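Some notes on the structure that comes next.
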Amino acid sequence: MSLDGDRADGRRSPAASADRGPAGLTRNADLAQGDHLEQGAHLAQDPAEAAAASAAVARVDGPVSERTYRRMVGGTALLIVAALLPLDFLTGRRLVVFQGVALVACSVFAVTLAAVAIVRSRGVERRWRLLVSSGLLSTLVGAVYWSIVWADPGRSLLRLRAEDGIYLLAPLLALIGLLTIPTTPADRSGAQRAPPLAADDDGAGRLVAAVVVALDGLVIVVSMFLIAWVAVLRHVAESGVSGWPFVVALAYPLSEVVLVVVALLLLTFRRPHNGRAMWLLTVGLLFFSISETTLVYLTVRGPFQVQDTALYWIGLVFGPPVLALGMVIPMAPARSPRVWLGRIGGEDLYLWVHAYLPYLPVGVASLLVVVPAVRGEALQGLTLQLSIVLATLVAVRQMVTVAQNTRLLASLRATQRGLRHQAQHDPLTGLANRSLFTAEVDRAVDAHRTAGRPLVVLFCDLDDFKMVNDTLGHHAGDELLRAVAGRLRGAVRQEDLTARLGGDEFAVLMRGLPDGPRAMGENTAARIQEALRPAFQVHGRRRDVQASVGVAVADTSSPVASTEELLHRADQAMYAAKNRRRRARRTTRGPRRTARR
């Protein structure tokens, strides 16, 4: 940034210049290639392994390897620590000189990292890095110019000029670079702003998702503009600056706000291929916005002391290196899911951050508005209007969230009911399964023991069902079982529970019986046999089916002590009926054979 200054006696400002560059950076930038080549040398034992090594080298997950990136992070940390430690014992002119040196050193370091990232990238990855790096070059030029202009200790005023607007080209290029970062649309990623849509939900569900996206986007935009207005734009509007300096003073912080808003929108509604890079870029842009906001504030304020430039200096010390790290960071290495507090850590953490990210600027904006209000300052003008708009957007968003949660809860309950039905019913016939039947018999037996309520259990077994499977196949057997289940439902009362226990075994539970439970049970057994008497059509063939039905009664004259006892009675009665049918068939066949002779 180009800056001009006016002299004022007794005032000092940061000033310095330095040619220092980060030693050893070029060596670190080449480590990734060396790592891959070293791995390739170990793998190239035969042609097949050599091909695999070549494929590993060709695979690109970032400009540098993970190990090289960690070394760069260490170098960045050392540089920042070296820039912060002397602040405790430097004062006056020495502090001014040191601040200038630190600004230039951090900018040179960042530009070098960006150059490494650009050289070692290809295609669209190189394109967005090249565009975003324009901001780092602009910062380096501004840091050098700052140090030269403010070398005179008598300068204490900042004054923006029309030609300073040339520095707005860098945010514009950076914005284009952000928009070209490879991303995945939210509806094809694990992070959605609305509950997942059903396959056939093309109407209301998609409309709700679109409304959620629009509301969250407006919340972010209004929050960031409110922050910029309260922090600096209001002071610019009230400063009396006019003409091109006024335009430039507004454009500097607004350009940074736009970049931060775009970065937040990308993180909220899209999933960047390299999520770690996007987070670092966002943090770096936040530091840049702090720096530009402080610069404009100092411009409209007037004379200042050297300590007044702390936020501007911190923004330019942290911002460029963090932004440059975002350009060199490789994609996250593949790791097995880590359990954190009983949940899968990585993906769940991303989803939580993704869901609450739009409310981060809301919290900052709320603090900037609430704190002055608590101190007794009246909210008025654009601040009040933006606060009302933001509160309305958040309220509407919460109403949509309640509707989403209600819809999701209803869907969850429907799914639970479906799962419960599947767990308690036979998938072939739709009748109750053994588990549900046994549980209901347990309840009926408890009522019988405590209140003397009678109940009847019928066991039904199809005779010679194995012959159907052997002669016609299992599909024919399944068809026959479904037909038998349908006839059983029609032969019993609506309140009776019909179940398939497994194979060709069925059961019926009768409760709420009036007087004569045994007679009702035997009548029901007779109706079941009568319902099964007509021949069945199985795969186009007529098939006669007979069943053996056993009846077990629990009443005051024949009480039971447990469910097992009652089921045992029904089982014994069924086998007794089956044996009677077998004896009857033998008796019938005997006279026929004698007559033939």
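Prolate is the label for segment 434-588. Its Cα gyration tensor axes, ordered a ≥ b ≥ c, give a/c of at least 1.5 and a/b above b/c.
For GLU66 and LEU384, FRET efficiency with R0 = 41 Å and r from the beta-carbon atoms, rounded to 0.05? So the FRET efficiency works out to roughly 0.25. Proximity of backbone amide H atoms, modeled 1.01 Å from N, is registered between PHE536 and ARG543, ASP544, VAL545 at under 5 Å, excluding neighbours fewer than 5 places apart on the same chain. Which FRET efficiency value, to the nearest 0.05, is calculated for ARG443 and ALA210 with the Förster distance at 45 angstrom and r the Cβ-Cβ distance? Result of the calculation: an efficiency of 0.35. Near the amide H of THR183, within less than 5 Å, lie the amide hydrogens of HIS273, all on another chain or at least 5 residues away, with H placed in the peptide plane. Between ALA82 and ALA576, the simple spin-label model (points 7 angstrom out along Cα→Cβ) gives 10.0 nm. Computed extension gain for HIS539 through TYR356, at 0.36 nm per residue and net of the alpha carbon distance, reaches 59.9 nm.
At 0.36 nm per residue, minus the direct Cα-Cα distance, what do ARG434 and ARG583 gain on full extension? Give it in nm, one decimal, please. Walk me through the numbers on the way to the answer.
Numbers: separation 149, 0.36 × 149 = 53.64 nm, distance 3.02 nm.
Here the segment from ARG434 to ARG583 would lengthen by 50.6 nm.
Over segment 434-588, Cα pairs under 8 Å with separation of 6+ residues give a relative contact order of 33 percent.
About the Cα centre, and with charges only on the beta carbon of Lys, Arg (+1) and Asp, Glu (-1), how big is the dipole of segment 434-588? Nearest 20 debye, please.
On the way: 25 positive and 21 negative charges, 122 e Å.
Dipole of segment 434-588, to the nearest 20 debye: 580 debye.
From the Cα gyration tensor of segment 398-464, with a ≥ b ≥ c the square roots of its eigenvalues, which class applies: rounded if a/c is under 1.5, or else prolate if a/b is larger than b/c, or else oblate? Walk me through the numbers before you get to the answer.
On the way: a/c = 6.18, a/b = 1.92, b/c = 3.22.
Oblate, since a/c reaches 1.5 and b/c is not below a/b.
The listed residues TRP279, TRP244, TRP146, TRP229, once ranked by accessible area (1.4 Å probe) with the largest placed first, stand as TRP244, TRP279, TRP229, TRP146.
Order the peptides 282-294, 559-571, 453-465 from the highest to the lowest mean number of other Cβ atoms within 10 Å of their residues. Don't skip to the answer; put the middle values down first.
On the way: 282-294: 23.5, 559-571: 16.8, 453-465: 21.6.
Going from most to least packed, we get 282-294, 453-465, 559-571.
Solvent-accessible area per residue in segment 434-588 equals 52 Å², computed with a 1.4 angstrom probe and all protein chains kept.
Carbon-plus-sulfur fraction of the accessible area of segment 434-588, 1.4 Å probe, in percent?
With neighbouring chains kept in place, the figure for segment 434-588 is 47 percent.
Kindly list the residues of segment 373-398 that lie in the label zone of LEU412, defined by a backbone N under 19 Å from the point 7 Å along the Cα-to-C-beta vector. Label zone hits: 398. Over segment 388-484, Cα pairs under 8 Å with separation of 6+ residues give a relative contact order of 15 percent. Phi-derived couplings, Karplus 6.51 cos²θ - 1.76 cosθ + 1.60 at θ = phi - 60°, listed residue by residue for segment 212-225: 4, 4, 5, 5, 5, x, 5, 4, 5, 5, 5, 4, 5, 5 Hz, with x used for Gly and Pro. With the simple spin-label model, which puts each label point 7 Å out from Cα in the Cβ direction, the LEU472 to ARG493 separation comes to 3.3 nm.
The mean sequence separation of alpha-carbon pairs under 8 Å and at least six residues apart, normalised by the residue count of segment 472-517, gives a relative contact order of 24 percent. Annotation for segment 63-107 versus segment 369-409: alpha-carbon center distance of 40 Å. Taking amide H positions as modeled 1.01 Å from N, with prolines and chain starts lacking one, the residues under 5 Å from MET331 and 5 or more places away or on another chain are GLY62.
The values are calculated or read from the model by the stated rules, or taken from the named source; none is laboratory data. Since this is a predicted model, take the numbers as computed values, not measurements. Note that each Cβ is placed from the backbone with ideal geometry, even for glycine, and that neighbours are counted across all protein chains shown. For the accessible areas, the whole protein counts, side chains as well, though only heavy atoms, and no ligand, DNA or RNA atoms are used. Shrake-Rupley method; radii C 1.70, N 1.55, O 1.52, S 1.80 Å.
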